[in-house]
Amino acid sequence: MNDELLTLYYYRDGLTEAERRDVAAALESDAALRAAYEQLCRDLAQLGTPQEVAVKADVVARWHDSIERAARLERQRLPSRGRLLHVPSFAWGTVLAAVLIAGIGIGFYVAGTRVPVLDGASVATGADSTLPASRTSSLAFVRGLKVHLSKSRRELAGLPDDAAAERAALIAQMIEQNRLFERAAAQNGSRDLARVLRAFEPILERLAADDVTPREAEVLQAQLAFELNVMLTKLGRGESEQAGPI
Amino acid sequence: MVAVIERGALPTQTEFHEAIARRADRWYSACLRITRDRELAEDAVQDALLSAWRKRHQYQRDAQLETWIHRIAVNAALQLVRRQRPYVFETLDTDIADDGESPQQDLEDSDLGNALAAALHHLTDIERVCFVLKHLEQWRLTEIADELGTNVGGVKQALFRGVKKLRVTMAQLRSKAS
């Protein structure tokens with residue numbers, strides 16, 4: 001009889017009924033074994049009451065917020081499910097386009113911001129010239145973002161039109177992922193990129209709503225395109241300055 | 001009849017918020033013990049909450065909502081660890097403790113703030129996870145094996161090694177204290 005059998009006996013798991021009976025009989029008849037088992041029980045009992053770690057209030061608020069958002073998206077979509085059949089192609093196509101444009105834009109943005117500023121002059125992206133810790137991590141960031149967007153696109157495209165709840169959940173997921181990238185950008189000191197990602201969120205939410213009219217979706221899409229153009233223009237200028245006269 | 005309807009009713013948004021208010025620390029602590037990384041633990045709970053919300057039609061009213069989400073959170077934590085370190089749970093034969101004390105690990109240990117956290121530090125990932133899932137989360141050995149993609153024998157060995165190391169460490173801590 002060894003500690004391993006006693007451990008399984010303690011946990012009441014991993015032993016057959018016959019094995020349990022054997023261990024019980026041995027404990028009954030062997031005082032030394034019984035003492036060893038009692039010590040094991042005491043040791044394991046001491047390990048059984050871990051102290052809880054208090055989670056930060058802002059993190060808890062984020063968790064509440066994520067449920068709030070998921071519920072809101074669901075409410076927006078579920079009551080008039082039938083409308084998906086009338087507006088959907090345009091609205092969902094717009095969502096996809098917006099997300100893809102955003103992904104490409106962010107890719108450029110991140111790529112632009114990681115160009116080293118050798119002469120100490122700030123490029124047009126301002127504070128974001130300090131974005132990534134390394135080229136590798138920046139590339140990984142952009143790659144991760146693109147993978148996420150491609151996956152979202154595939155999943156959305158593959159959904160049947162009447163799967164309103166699934167669509168809502170997917171959009172909620174995309175927004176959550178967007179927030180993760182936003183947080184990563186913020187943690188890397190890229191406030192502008194984080195702000196841009198934040199700005200996409202309400203637009204995506206609105207575009208995902210099934211009461212959005214084609215006209216409203218057009219306006220939202222234009223708004224998103226404008227934001228992206230501004231960003232890309234800034235980046236283009238920043239790159240020109242970087243590659244300026246020798 | 002009412003009871004039947006209630007049993008079949010989906011958990012509401014309010015119930016989710018109440019569960020967060022009551023059990024946020026517990027979920028986070030459980031995930032932190034698995035990931036040993038604050039952000040991963042935070043993400044695990046968030047993923048779990050969204051997953052639970054989406055799958056709430058699967059929730060059985062005879063279990064507590066908090067307990068159900070707790071389980072999902074632990075699964076999410078395991079998935080995140082595996083995603084970050086794909087082969088982390090496949091090194092069942094190794095007996096090398098993780099003695100490289102990084103600042104992050106020290107930080108998490110001080111977060112856990114008790115002797116168990118200190119003792120857990122001397123375990124490998126697989127030993128720690130098997131111990132946490134068995135001893136603290138009270139999973140069946142077969143469930144652990146399924147979740148980690150290994151066999152029960154491997155889980156048992158990791159658990160035995162973990163328990164052995166923990167007992168030694170705890171005995172040392174006790175003798176230091178006395």
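The values are calculated or read from the model by the stated rules, or taken from the named source; none is laboratory data. All figures in this text were calculated on a predicted structure; none of them were measured in a lab. Don't worry about glycine lacking a Cβ; one is built from the backbone with ideal geometry, like all the others, and counts go over all protein chains shown.
Quick test of your reading of the structure: B:ARG61 fulfils all but one of (1) farther than 21 Å from B:ILE144 by Cα; (2) more than 9 Å from chain A (Cβ to nearest Cβ); (3) modelled with pLDDT of 90 or more. Name the failing condition by number.
(3)
Sort out which residues of the range B:118-144 are more than 13 Å from the chain's Cα centre (by Cα), within 12 Å of another protein chain (Cβ to nearest Cβ) and within 13 Å of B:ARG33 (Cα to Cα), and write them in order of number.
Within the range B:118-144, B:ALA118, B:ALA119, B:LEU123 qualify.
Tell me which of these B:LEU10 doesn't satisfy, since it passes every other one: (1) surrounded by 15 or more Cβ atoms within 10 Å (Cβ to Cβ); (2) in a loop (DSSP other than H, G, I, E, B).
(1)
Confirm whether B:GLU147 is of a type in the set (D, E, K, R), surrounded by fewer than 20 Cβ atoms within 10 Å (Cβ to Cβ) and more than 10 Å from chain A (Cβ to nearest Cβ).
The answer is yes for B:GLU147.
Any residue at all in the range A:43-57 that is loosely packed, with under 13 Cβ neighbours inside 10 Å, at pLDDT 80 or above and over 25 Å from B:ILE69 (Cα atoms)?
Yes, the range A:43-57 has at least one match.
Which condition does A:VAL55 not pass, out of (1) in a helix (DSSP H, G or I); (2) under 24 Å from the mean Cα position of the chain (by Cα); (3) free of Cβ contacts under 8 Å to residues at least 60 places away in the same chain, if it passes all the others?
Unmet condition: (1).
Any residue at all in the range B:15-22 that is among the β-branched types (Val, Ile, Thr), at pLDDT 95 or above and more than 13 Å from the chain's Cα centre (by Cα)?
Scanning the range B:15-22 turns up at least one residue that is among the β-branched types (Val, Ile, Thr), at pLDDT 95 or above and more than 13 Å from the chain's Cα centre (by Cα).
Any residue in the range B:13-26 that is within 11 Å of A:VAL60 (Cβ to Cβ) sitting within a Cβ distance under 6 Å of a residue that is of a type in the set (Val, Ile, Thr) and surrounded by fewer than 21 Cβ atoms within 10 Å (Cβ to Cβ)? List the pairs, counting only those 6 or more apart or interchain.
Every condition considered, the pairs that remain are B:ALA24/A:VAL60.
Please verify whether B:ALA73 is among the small types (Gly, Ala, Ser), part of a helix (DSSP H, G or I), surrounded by 21 or more Cβ atoms within 10 Å (Cβ to Cβ) and more than 15 Å from the chain's Cα centre (by Cα), treating the condition exactly as stated.
no
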